[in-house]
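The structure appears below as structure tokens.
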Amino acid sequence: MGKKCIGVDVGGTSVKLGIFDVDGVLLKKWEIPTRKEEHGKYVLDDIAASIRETLKDENISMEEVVGVGIDVPGPVKKNGYVEVCVNLGWRDIYPAKELSARLDGIPAECGNDANAAALGEMWKGGGEGYSDIVMVTLGTGVGGGVIINEKIIAGRHGLGGEIGHIHARDDEQEYCNCGGRGCLEQVASATGIAREARRKMAADERPSVLRQFGDEVTAKDVLDGAKAGDALALEVAETACHYLGVALAQTALIVDPDIFVIGGGVSKAGQFLVDMIKKHYEEHITISADHPLIGLATLGNDAGIYGAARMVLK
Ligand SMILES: [Zn+2]
């Protein structure tokens, strides 16, 4: 039997788990609920018990497992220390160390979920075949992860890859979740795109396919409208892609990856979105025609378990 590795992606409502062979073939995938009561004190016990049970069901011995990687929705320091993880109620914890202790001391690693997703996409997703990738996740917020030389660059303070909070707009009056104003996330996340559409609809009386949705308009409505050629929807999409293009160009000039991989719900708009980002990006990276590519993520919600498992392979 070949060696295996396990990836654990801890979210606020469920924990996704996957058993992989060391070449990245997903052998078994499952999910358990995240028990957040009492400051999430049962989460690691539940994960360990579920791993033991599943390994038994699959006839895999603990000796065959080279390690388990766990990613969490919050900042993780270099030594695996989590000071606070709001979504889980955790404080002052070393998740990898504690999980390892519950699983006969097998090697364990812990990382941030957005960074793990980036590593997963490098391993078996939109960045497969490359060693240097930057992933940008356009969801409720804008997440990011930087992988250089097949390693997560989390930075000294866990700020590495926080692309969503790169400053974009000087004139933004509303506050971002981070406490700042004018972050990329405020204009390029699904939430931000919908808000921009509401603002544009309120600003004038132009007819638009978006008006039928009123305040319930979503980023998907905007991108569908833009694809259909609706002028107002196109303006909203162009605004988001302008700031994304600028942020990617700036990021390229700092870390110069092989490729940017765009994921998250908004990326379901596909090549249309990539092409629009690329147009703005190319305007801001004129220093060389030879620069990072932009492509789509392919692993969807499984990126986290792929990346978490990949963390234990050196
Ligand atoms: Zn922010």
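Numbers below:
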| item | result |
| --- | --- |
| Candidates per GluC sites (Glu not before Pro) in the stretch 58-99, loop by DSSP, up to 16 other Cβ within 10 Å | 58 |
| Antiparallel content of DSSP bridges confined to the chain, in %, to 5 | 55 percent |
| Dipole in debye (nearest 20) - the stretch 1-151, about Cα centre, beta carbon charges: Lys, Arg +1; Asp, Glu -1 | 200 debye |
| Karplus-derived HN-Hα couplings along the stretch 307-314 (A = 6.51, B = -1.76, C = 1.60, θ = phi - 60°), whole Hz, x at Gly and Pro | x, 4, 5, 5, 4, 8, 9, 7 |
| Distance violations [Cα-Cα > 18 Å] among 151/314; 124/314; 78/314; 4/56 | none |
| Shape call, the stretch 1-111: gyration tensor on alpha carbons, a/c limit 1.5 | prolate |
| Unit charges on C-beta of K, R, D, E only; dipole of the chain, Debye | 400 debye |
| Global geometry of the chain, whether rounded, prolate or oblate, following the gyration tensor of its Cα atoms and the 1.5 cut on a/c | prolate |
| Normalised contact order of the stretch 132-215, rounded percent, pairs of Cα under 8 Å and 6 or more residues apart | 22 percent |
| Between the stretch 114-132 and the stretch 299-314, the Cα center-to-center distance that results, in Å | 8 Å |
| Cα centroid separation - the stretch 67-107 against the stretch 229-290, whole Å | 34 Å |
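Values quoted throughout were computed directly from the atomic coordinates according to the rules given, and no laboratory measurement underlies them. Predicted model, so just to flag it, every value in this text is computed and none were measured. Quick reminder, even Gly has a Cβ in these numbers, built from the backbone with ideal geometry, and neighbours come from all protein chains shown.
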